[in-house]
Structures are given as structure tokens and as C-alpha cells.
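The values are calculated or read from the model by the stated rules, or taken from the named source; none is laboratory data. Being a predicted model, the structure only gives us computed values, none of them experimental. Neighbour counts run over all protein chains shown; Cβ positions are idealised from the backbone, glycine included. Quick note on the areas: whole protein, heavy atoms, side chains included, nothing else; ligands and nucleic acids left out. Shrake-Rupley method; radii C 1.70, N 1.55, O 1.52, S 1.80 Å.
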Amino acid sequence: MTILGALLAARSWRPGLLASARGGDAAARRAERRQILLVLALCLIFGVLLVGHSLPFWLAAAIFVSVAIVALQSRQRQATGQKLSLRGIATAAAIGLGAGIVITIVFQEIFLVRLP
């Protein structure tokens with residue numbers, strides 16, 4: 001992991017790469033900051049409120065993934081003029097439930113990690 005991290009860092013230091021990333025309008029940068037803050041808030045809520053507070057890990061992970069999908073796709077839905085539908089919520093819930101179950105099985109059975 002250290003070698004791959006070093007390769008990624010070396011690749012990011014190419015001339016002009018950071019200069020092109022700084023370009024763009026202020027509205028796009030604000031939207032990116034909001035996305036980052038949203039992801040950070042979701043991760044904090046998952047780690048502080050959901051995990052270890054009488055919820056099974058698979059359910060906490062399912063809730064986190066489902067809410068993250070719905071929240072992070074809101075900008076895309078707004079751009080295309082779509083509204084949040086019951087089908088979209090059901091799809092996010094199904095993906096979240098599947099992810100929660102798979103994550104739990106992988107960590108408990110393959111990596112032998114006891115989850116809260």
C-alpha cells in the first residue's frame with residue numbers, strides 16, 4: 001500500500017496537474033465542497049451514531065449506504081430535472097441492504113474481524 005500510495009503521490013505532482021484542477025468556476029468549487037462536507041457528515045454519523053449503539057452492523061451499513069446513494073445523487077437528479085421517486089429509494093435501499101450484508105460477511109468470515 002505504501003508503494004502504491006507513493007506512486008499516486010508522484011503521479012499527482014506532474015507539472016500542470018494541480019493548476020488544471022484549480023481552474024473552473026466558483027459555483028462548481030462550492031458544489032464540490034458541499035459534496036465533500038456531505039460525505040464527511042455521513043461518515044461521522046455512521047461512525048458516531050449508527051455503529052455500536054444497539055444496531056447490528058449490517059443494518060447500520062445498509063442505512064449508511066442507502067442514505068449516501070440518495071444524498072449524493074440529489075445533484076444529478078436536480079440537473080436532469082428528476083424528482084426523488086419511490087423506485088429510486090427502493091433501489092438505494094436494495095443496494096444498501098446488499099452492501100451491508102456483503103460487508104458483514106466479508107469482514108466476519110474472510111477477514112475474521114468481529115464487528116460491533
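Can you tell me which of Ala41, Ala71, Ala79 is more than 19 Å from Thr104 (Cα to Cα), open to solvent by 60 Å² or more (accessible area, probe 1.4 Å) and of a type in the set (Gly, Ala, Ser)?
Ala79
So, Leu55, is that one open to solvent by 40 Å² or more (accessible area, probe 1.4 Å), assigned to a loop (DSSP other than H, G, I, E, B), at positive phi and not small (Gly, Ala, Ser) or not?
No: the conditions fail for Leu55.
Could you please give the count of residues in the stretch 67-100 that are over 11 Å from the mean Cα position of the chain (by Cα) and in a helix (DSSP H, G or I)?
Final tally of qualifying residues: 22.
Which condition from (1) without any contact (Cβ under 8 Å) to a residue 24 or more places away in the chain; (2) open to solvent by less than 70 Å² (accessible area, probe 1.4 Å); (3) not in a loop (DSSP other than H, G, I, E, B) is the one that Phe64 breaks?
(1)
Is there any pair with a first residue in the stretch 24-48 that is on the phi < 0 side of the Ramachandran plot and a second that is open to solvent by less than 60 Å² (accessible area, probe 1.4 Å) and of a type in the set (A, V, I, L, M) whose Cβ atoms are under 7 Å apart and which are 6 or more apart or on different chains, and what are they?
From the stretch 24-48, the pairs are Leu38/Ala71; Leu42/Ala68; Leu42/Ala71; Phe46/Ala60.
Would you check which residues across the stretch 48-68 are at pLDDT below 90 and closer than 18 Å to Thr104 by Cβ and list them?
Leu50, Val51, Gly52, His53, Ser54, Leu55
Going by what's in this entry, would Leu7 be described as open to solvent by 100 Å² or more (accessible area, probe 1.4 Å), in a helix (DSSP H, G or I) and modelled with pLDDT under 85?
yes
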